[in-house]
Amino acid sequence: MAAAALSATGCNQTLLGTSFYGGWGSSISGEDYQTMLSKTVSPPQQARVSRKAIRAVPMMKNVNEGKGLFAPLVVVTRNLVGKKRFNQLRGKAIALHSQVITEFCKSIGADAKQRQGLIRLAKKNGERLGFLA
């Protein structure tokens, strides 16, 4: 911030932390005063603080739990065989299904991009039907 203080002994000017001392002969003229005013630093604006509520940390839970036609069967099977074994079986089934899709794409001459699109479509359909519950 720029400040200028006049005293009986002389002129004390403080510009951005630097002090200049001099007599009345070194006082600020009209043109210099306008230059000094144009270089002044405005006071800092207060930062705005958001008033939004803080979200709770989400729990790791399957969003597809209980959704889809086959979801109840999947949940019962997972509870019967245990989560570890169930995830192993699910991984094998997904890998086998991806291989079937790959072989199908080879037989019809589809490129890798189309094959990847079919695998993503199979995943979406599995979610809708409840296989990923």
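A few remarks follow.
- Mean projected area of the convex hull spanned by the Cα atoms of segment 63-122, taken over all viewing directions: 4.9 nm².
- Near the amide H of Ala133, within less than 5 Å, lie no amide hydrogens of residues on another chain or at least 5 residues away, with H placed in the peptide plane.
No lab work stands behind these numbers, since they all come straight from the coordinates. The structure displayed is predicted, hence computed values, not measured ones.
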